[in-house]
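A.B. asks: One structure coming up, written as structure tokens, with questions to follow.
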Amino acid sequence: MQTIINKQQDETTIQFVGRMDTPAAQEAATMMDKFQEAASGTVILDCSKLEYISSSGLRIFLSIRKAAAAQGGKVIVQDINDNIRNVFMMTGFLNLFEIR
Amino acid sequence: MRAGLLLIIVAAVTLEATSLIQFFYAQRGLRSEATLRAETELEITNNRILDIINQAETAVHNSEWIAKWCLDYPDSLVRVATRLVRDNQVIMGSTVALVPGYLDRHQLFAPYAYEDTDGRLAITSLATPEYDYPEREWFRKPLELGTGYWSEPYVDTGGAGILMTTYSMPVRDDSGNIAAIMTADISLDWLTGVVGDVKVYPSAFSVLLSRQGELMVSPTDSLVMTHTSQELISGFEDTTMQRINRAMLSGGSGSEPLKFGGKMHQIYFAPIEKTGWSMSIVIPEDEIYKGLKKTIGWVSLFQLLGLAMLAVILFAIYRSVLKYKDLNDRKERMDNELRIGHSIQMSMVPKIFPPFPDRKDLDISAALVPAREVGGDLYDFYIRDEKLFFCIGDVSGKGIPASLVMAVTRSLFRSISGHENSPGAIVSIMNQSMSSDNDNSMFVTFFCGVLDLASGHLRYCNAGHNAPFIFTDSIRTLPVVPNLPLGVDKSMTYQEQETDLLFDNALFLFTDGVSEAENSQKELFGEKRIREVLSTRRDAQAHLEAINKAVEAFVGDAPQSDDITMLFLHYLNFHLSLRNEVSQISRLAPFISKIAKVKHLDSTLASSLNLALEEAVTNSVMYAYPEGTEGTVDVEAILNEDSIQFVISDNGIPFDPTAAPAVDTSLGVEERAIGGLGIHLVRKIMDNVSYRRDGSRNILSMTKKI
């Protein structure tokens, strides 16, 4: 999976390209500092090119969300596919995130 | 043999019978020919004698009128006699003897003209009281009979002692009274010549008898005119001779067989006209049949030779037939044994397909088509301890010798692999055993594999066999160390190799009978064609049939040159064996997509199953083994008709993920725990999730209805 971070003032777009399985999530987790830093502002999680997500990925999403909540930031999940939407539903994430 | 003997006997009997008939008819023919010849001779001789006799008779008759005319002048009668003698060569003497009393009652008158011993004409008178001619036969007979009369032959004692006869005839005067008897003494010198000349057969002879039975002509000169036939035959008891003698003396003619001198003879006899003589020709029978006997002898000899040849030929034929029959019998026996050999050989290799109908993780099929009834190719496979032991091999050579080695090879494989799991060890031990007593330098190219059915781990060892094909994403040649064939070097240590078979991977093992199948243009089928045929997706059995068909089509009318053996092994175990590393989790996605392909799952369900499996496996990979220790996590998918079951197992510390507390998805962001989502998702996605500890293994089983 590829992770592309695009920061404009206080709005950061993080695009995930590919499959976010456990190994990919573990790799992405190395960038958690940047994610949490960005969470002070608005974080747009661009999922338009995310094919798959497992619980490890969800933990990254949740960590960002928690950081945003702590810092008064905002997380927007954008363009999730049906499979990921299904996972969000099963995990109650649909309630935790602003989905666009 | 009996029929042959019978044939010879029948042939012999037929031949002999025909030659007997032939002999009989030939004999008859020869006899009638002899008869004809004898009768002809008799007639000719008769005519020749008559010719001379008539000459004499005619001469006498021609002189009758002169004699008659001279009757009145008796002194001139001497001239009549003289003329007769002078003018006729056969007439040696002549007289005109007056009947006593013709001139003068008591006067005898008979002037006699004759040739003396010097051949000069002499004249004398027979009218002497000593001679007393009126009492002589030559005078009395014609006087009594009144006709001409031939006297009994006699030997002229006065002259040269030659055989003579006398013809005398009456001379009548004008009143018809007999006035004189005119005679002609005729030499019968020529008779011996005329009669003795008759040589119908070389050793035939003729006998001329006078009226009284005097022998006038005889092969034995001493008997001539000294013996009568009666005297000669009086010593014989055989009445035939008497009968013939009587017949001859009474002027009869005919032929009779007669035995004398120890031989059979045929006697032909006939009278000589006018003279009252009888002539016989005596022919020894063996003379008559001499030619025939000679011919029959030759014929019999040739027949015997023919029969002997026939016997020899028959015997030769009989022997060759026997030999042929024997060969046939032997061939039949051989064929039969080869058939049995074939079925024994076929019973040595597994030939019921599918061999493991209950197993869904393995599709295996194999085929062995010997070029002859029995061959030197082999394959084998069986499962022990959840391991598939399989092999393929090709014994050098063909036919029975190769088939024996094949049997040995197969037995060794079975017995050694029964307690040995390493293919390298199996092959090495087999090689040692086969190299030990390999007097005939037979060798075997061999490939042996041991597939761990649970993990797909394949260990294999090659012994000079051609490399199998492995089917993963593409068809490749399985990398093999060539090594030496079995039975070449006893000390050889065989290297073992390994690889992992994933779900849907396959192996195609074959002997060079496939790759080197030859068509009539001597082209080889080749590995390229094998790959082409196998590139179509089929089950194992269909693959082999397709190869067979392709090879047959390629080879055409050319005879199968080598044994054709192949083994197709399709590994269908949905199994993954993962090391306890997070990176291994990425292998799950292709694993699931294959299942999705097989079970025709839509992408949403496939993705869900992927997620559930990932969560379960991640648990094991991350928590089963203590930090820093290596371990494996095994994943197995069991595909049922209406459900898919995953079994995730490891050898790690007991860990029951299902015991984790449920996640409350209704909690807000602050309250939500970071962990625990994995097992939550598993529960959400799967219909049934259960954990058990089996010995040292954690076993998590989860099922999804589809």
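A.B. asks: Work out the mean other chain Cβ neighbour count within 10 Å for the residues of B:666-673 and drop it here as an integer.
C.D. replies: That average works out to 4.
A.B. asks: Further question on the same structure: Send over the semi-axes of chain B's equivalent ellipsoid, whole angstrom and largest first, taken as the square roots of 5 times the C-alpha gyration tensor eigenvalues.
C.D. replies: Each semi-axis is the square root of five times an eigenvalue, giving 150, 21, 18 Å.
A.B. asks: Normalised by the number of residues in chain B, what is the relative contact order in percent for Cα pairs under 8 Å and 6+ residues apart?
C.D. replies: Averaging sequence separation for qualifying contacts and normalising by length gives 7 percent for chain B.
A.B. asks: Given 10 °C and 1.306 mPa s, compute D for the range B:636-703 with the Stokes-Einstein relation, Rh being the Kirkwood radius over Cα pairs; round to the nearest whole µm²/s.
C.D. replies: The calculation lands on 118 µm²/s.
A.B. asks: Taking the Cα centre of the range A:2-99 as origin and charging only Cβ (+1 Lys, Arg; -1 Asp, Glu), how large is the dipole, in debye to the nearest 20?
C.D. replies: The dipole of the range A:2-99 has a size of about 180 debye.
A.B. asks: Measure off 7 Å from each Cα along the Cα-to-Cβ vector at A:Ile4 and B:Ile653, then give the distance between these two points in nanometres to one decimal.
C.D. replies: 4.4 nm
A.B. asks: Hey, another quick one. Return the tail of the calculated pair distribution for the range A:2-99, meaning the percent of Cα-Cα pairs more than 21 Å apart.
C.D. replies: Tail fraction, whole percent: 22.
A.B. asks: Pull out a ≥ b ≥ c, the square roots of the eigenvalues of the alpha-carbon gyration tensor of the range B:476-634, then state rounded if a/c is under 1.5, prolate if not and a/b is larger than b/c, and oblate in the remaining case.
C.D. replies: In terms of gyration-tensor shape, oblate.
A.B. asks: Right, here's the next one. State, as an integer percentage, the relative contact order of the range B:575-705 based on alpha-carbon contacts under 8 Å between residues 6 or more apart.
C.D. replies: 26 percent
A.B. asks: Could you work out how much longer the chain between B:Arg537 and B:Met346 gets when fully extended? Use 0.36 nm per residue separation minus the Cα distance between them, nm to one decimal.
C.D. replies: 65.9 nm
A.B. asks: Okay, next question. Taking only Cα atoms, what is the 0 to 90° angle, nearest 10, from helix B:2-62's long axis to the longest principal axis of chain B?
C.D. replies: The helix B:2-62 is inclined about 20 degrees to chain B.
A.B. asks: Kirkwood Rh and Cα-based Rg: tell me the resulting Rg over Rh for the range B:575-705, rounded to two decimals.
C.D. replies: Result: Rg/Rh = 0.97.
A.B. asks: Between B:Pro354, B:Gly161, B:Ala179, whose Cα lies farthest towards the positive end of the dipole of chain B when Lys and Arg beta carbons carry +1 and Asp and Glu beta carbons carry -1, centred on the Cα centre?
C.D. replies: Farthest towards the positive end: B:Pro354.
A.B. asks: Summarise the partner chain shielding of B:605-613 as one whole number: the mean count of Cβ atoms from other chains within 10 Å of each residue's Cβ.
C.D. replies: Whole-number average of other-chain Cβ neighbours for B:605-613 is 4.
A.B. asks: Quick check on chain B: helices-only [θ] at 222 nm, where DSSP H runs of length 4 and up contribute -39,500 (n - 2.57) each and the sum goes over total residues. Nearest 500, please.
C.D. replies: Rounded to the nearest 500, it is -13000 deg cm²/dmol.
A.B. asks: Taking K and R as +1 and D and E as -1, what net charge do the other residues with C-beta under 13 Å from the C-beta of B:Thr45 add up to?
C.D. replies: -3
A.B. asks: Calculate how steeply helix B:77-87 sits against the longest principal axis of the alpha-carbon atoms of chain B, using the helix alpha-carbon long axis, and give the answer as 0 to 90 degrees to the nearest 10.
C.D. replies: Helix B:77-87 sits at roughly 30 degrees to that axis.
A.B. asks: Can I ask one more? On each of the three principal axes of the Cα atoms of the range B:436-551, give max minus min coordinate, whole Å, ordered largest first.
C.D. replies: 45, 44, 20
A.B. asks: Provide the FRET efficiency to the nearest 0.05 for the A:Val17-B:Phe353 pair, computing r from the beta carbons and using R0 = 41 Å.
C.D. replies: Efficiency at R0 = 41 Å is approximately 0.30.
A.B. asks: Taking the 0 to 90 degree range and rounding to the nearest ten, how far is the long axis of helix B:290-348 tilted relative to the main principal axis of chain B, both from C-alpha atoms?
C.D. replies: The angle comes out at about 10 degrees.
A.B. asks: Give me a single rounded figure for B:583-593: the average over its residues of other chain Cβ atoms within 10 Å of their Cβ.
C.D. replies: Taking the mean over all residues of the peptide, I get 2.
A.B. asks: Something else now. Based on the mean of other Cβ atoms within 10 Å per residue, sort peptides B:129-140, B:48-59 so the most packed one is first.
C.D. replies: Going by the mean number of other Cβ atoms within 10 Å, highest first, we get B:48-59, B:129-140.
A.B. asks: Another question, then. Long-range amide H contacts for B:Phe260: which residues qualify at under 5 Å (H placed 1.01 Å from N, peptide plane, sequence gap of 5 or more or a different chain)?
C.D. replies: So B:Phe260 has HN proximity to B:His265.
A.B. asks: Right, something else. May I ask which residue of A:Ala25, A:Leu45, B:Asn548 lies farthest towards the positive end of the charge dipole of the protein assembly as shown, with charges of +1 (Lys, Arg) and -1 (Asp, Glu) on Cβ and the Cα centre as origin?
C.D. replies: With unit charges placed on the Cβ atoms, the residue in question is A:Leu45.
A.B. asks: Related question: What do you get for chymotrypsin sites (Phe, Trp or Tyr not before Pro) in the range B:548-606 restricted to DSSP loop and a cutoff of at most 15 other Cβ within 10 Å of the site's Cβ?
C.D. replies: none
A.B. asks: Here is a follow-up. Give the calculated FRET efficiency between B:Val13 and B:His457 to the nearest 0.05, with a Förster radius of 56 Å applied to their Cβ-Cβ distance.
C.D. replies: 0.05
A.B. asks: Related question: Among the listed pairs A:Lys7/A:Lys34; B:Lys68/B:Lys141; A:Lys7/A:Lys66; B:Lys594/B:Lys684; B:Lys351/B:Lys549, give every one whose C-alpha distance is greater than 21 Å.
C.D. replies: In this structure, B:Lys594/B:Lys684 lie more than 21 Å apart at Cα.
A.B. asks: Next question. Which stretch or stretches of the range B:406-422 have amide N atoms under 16 Å from the point lying 7 Å from B:Tyr382's Cα along the Cα→Cβ direction?
C.D. replies: Flagged as within label range: B:407-422.
A.B. asks: How big is the protein assembly as shown by Rg and Dmax over its Cα atoms, in Å?
C.D. replies: 71.6, 224
A.B. asks: Give me the number: length gained by fully extending B:Glu237 to B:Gln521, i.e. 0.36 nm times residue separation minus the C-alpha to C-alpha distance, one decimal in nm.
C.D. replies: 92.0 nm
A.B. asks: Work through the residues other than A:Asn81 whose Cβ is under 10 Å from its Cβ and net out their charges, Lys, Arg +1 and Asp, Glu -1.
C.D. replies: That sum, taken over residues with Cβ under 10 Å, equals -1.
A.B. asks: For chain A, what is the percent of antiparallel DSSP beta bridges, rounded to the nearest 5?
C.D. replies: 30 percent
A.B. asks: At R0 = 35 Å, how high is the FRET efficiency between A:Gln78 and B:Ser593 if r is their beta carbon distance? Nearest 0.05 is fine.
C.D. replies: After rounding to 0.05, the efficiency reads 0.85.
A.B. asks: With no other cysteine's Cβ closer than 4.7 Å, which Cys residues of chain B count as lacking a disulfide-compatible partner?
C.D. replies: Cysteines of chain B left without a disulfide-compatible partner: B:Cys70, B:Cys461.
A.B. asks: Stretched out fully, how many nm does the piece from B:Ala308 to B:Ala673 gain, at 0.36 nm a residue minus the Cα gap?
C.D. replies: 119.4 nm
A.B. asks: Over the range B:349-571, with a single point scatterer placed on each C-alpha, what log10 of the ratio I(q)/I(0) does the Debye formula yield at q = 0.08, 0.18 1/Å?
C.D. replies: With one equal scatterer per Cα and no solvent, log10 I(q)/I(0) is -0.26, -1.38.
A.B. asks: What relative contact order, as a whole-number percentage, does the range B:1-143 give when Cα pairs under 8 Å and 6 or more residues apart are counted?
C.D. replies: Reported as a whole number, the value is 13 percent.
A.B. asks: Give a quick list of GluC sites (Glu not before Pro) in the range B:617-706 that DSSP marks as loop, anything other than H, G, I, E or B, with at most 15 other Cβ atoms within 10 Å.
C.D. replies: Filter output for the range B:617-706: B:Glu627, B:Glu630, B:Glu641, B:Glu670, B:Glu671.
A.B. asks: Right, another one. Which order, highest average first, do B:524-537, A:53-66 follow once you tally other Cβ atoms within 10 Å for each residue and take the mean per peptide?
C.D. replies: A:53-66, B:524-537
A.B. asks: Points 7 angstrom from Cα along the Cβ direction at A:Glu37 and B:Asp664: gap in nanometres?
C.D. replies: The answer from the label model is 3.6 nm.
Every number here is computed from the coordinates shown, using simple stated rules; none is lab data. Just so you know, these numbers come straight off a predicted model, no measurement behind them. Virtual Cβ from ideal backbone geometry, glycine too; neighbours counted across all protein chains shown.
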